[in-house]
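Following: one structure in structure tokens, then a few remarks.
The values are calculated or read from the model by the stated rules, or taken from the named source; none is laboratory data. On a predicted model such as this, the values are computed, not experimentally measured, just so you know. For neighbour counting, all protein chains shown are included, and Cβ atoms are generated from backbone atoms with ideal geometry for every residue, glycine included. To get the accessible areas, we keep the full protein, side chains included, count just its heavy atoms, and leave off ligands, DNA and RNA. Shrake-Rupley method; radii C 1.70, N 1.55, O 1.52, S 1.80 Å.
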Amino acid sequence: MQTLTPECVARMRLLSQGLTDPWPGPVEAARSLVCTQGQDYPGSTVSLALRSGTAAGTGRSAGRHGAGTTAAVRQAYDAGLIVRSWPMRGTLFVVASEDLAWILDLTAPRMLTSTDRRRVELGLDTATLAAAESTAVRELSGAGHTRAALLEAWTREGLPVQDGRGYHLIFFLALIGVLCFGPTEGNGQRIVLVEEWIGRHGPSTSTPAARTRDQGVRELLLRYLRSHGPATLEDFCWWSKLGKTEARAALREIRGEAPDQLEGADVGGREHWMAAGLPDRYADRARATAAPLLLPGFDEIVLGYQDRSAVLTKAEEARVVPGGNGVFKGTVLHRGHAVGTWKRSTRKGRPVEVEPFGTLPAPVETAMPRLSAGLPG
């Protein structure tokens, strides 16, 4: 088993996640990443755009900035090819529409169990949940509704939506596969019925054969490691909230049945896994992975791993998530590691403002005008 440094891990992940060599479009990006952090809708739209397509007017691959446009991501939502829902961790993710059902089959039971007590505390009993589902099915049929309109419909029916109850009703119905966030509406999305929306607008290909749970875990693990590697089994279990026992069994089966799919590496005494051939790709594309990047908050490069030490020290992470409040700032990356945070500026002639963790590396300073001008839009 080869040995890798943390810097190599960070830079190789840029390749795995399509930030150096993007996928043809947002649907391919979402499908390859399996589940893409989608808690912040504008930020996740930029994240997918950065991993999609070619630089406008150049015809060349551009995993830096200007790779794709957020308009292409919105078109994918409107075509029913990607959706947002809660497939894992009680957090919104973007998924290819054909992947939502089988991932929920794996993950929803545990999430439903873990949130049952909270629903009881909020007074969302079985009768209330059933009434909310009935109303949602009636109101969302066809074009769907905005979140506000759905909450208003529940209120008219006498169902409680105050103090977070509306959120928990939407969350519950998403977990049981009734609804999801689909087509765009202004700066957000309409909530639609999964059966209608994905069935009517989703891929025209035949429905994939049903998976057993073991097959589903293998598929999720394999696709995670190929799109997020080098990563550990612990990273996958944290990311998916699946148990270590079945994850270890899935890894053994993948290694036994398809040993050419993955390869391992030792990083500081910890076993990491990645797509076979990634080290060779990195050898060819190492220079490209050194290029500076501006990533939005809540990006998979930061949030896709339990152990974030390859991209952030603990002190740096505290500055990306100040106060541990769960709100992630955008990061400035150089050679795969975060060197500061950034935000869009309101000052004329200065598109972004950067807060460096120390002295900003000269290549980042030089690249900032290009990076700022090339933010997907």
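For the chain, the 222 nm mean residue ellipticity estimated from helices alone, with every DSSP H stretch of n ≥ 4 adding -39500 (n - 2.57) and the total spread over all residues, rounds to -14000 deg cm²/dmol.
Free of any trypsin sites (Lys or Arg not before Pro) that DSSP assigns to a loop and that have at most 11 other C-beta atoms within 10 Å, the longest stretch within the chain is 61-346.
The alpha-carbon of Lys348 sits under 25 angstrom from the alpha-carbons of these lysines, leaving out residues fewer than 8 places away in its chain: Lys329. For Lys244, the aspartates and glutamates whose Cα comes closer than 17 Å to its Cα, not counting residues fewer than 8 places off in the same chain, are Asp214, Glu219, Glu234, Asp235, Glu253, Glu271, Asp307. Summarising the amide proton neighbourhood of Gly144: residues at separation of 5 or more, or on other chains, whose placed amide H is nearer than 5 Å comprise an empty set. Per-residue accessible area (protein heavy atoms, 1.4 Å probe) orders Trp239, Trp342 as Trp342, Trp239, starting from the largest. Note on Cys237: accessible area is roughly 10 Å² with a 1.4 Å probe, heavy atoms of protein only.
Once both axes come from the Cα atoms, what is the angle between helix 126-140 and the longest principal axis of the chain, in degrees from 0 to 90, rounded to 10? So the helix axis and the longest Cα principal axis differ by about 80 degrees. Counting only heavy atoms of the protein chains and using a 1.4 Å probe, Thr212 has close to 80 Å² of accessible surface. Computed as a quarter of the hull surface, the mean projected area of the alpha carbon convex hull for segment 314-377 stands at 5.2 nm². For Ala79, put the label point 7 Å out on the Cα→Cβ axis and report which residues of segment 33-53 keep their amide N under 20 Å from it. Within reach of a label on Ala79: 33-36, 44-53. Sequentially through segment 72-86, phi angles give Karplus couplings (6.51, -1.76, 1.60; θ = phi - 60°) of 5, 5, 4, 4, 5, 4, 5, 7, x, 8, 10, 9, 10, 7, 10 Hz, Gly and Pro residues having no value and appearing as x. Measuring only protein heavy atoms, the 1.4 Å probe finds Glu246 accessible over about 50 Å².
Give the percent of DSSP beta bridges with both residues in the chain that are antiparallel, rounded to the nearest 5.
Bridges in the chain that DSSP calls antiparallel: roughly 90 percent.
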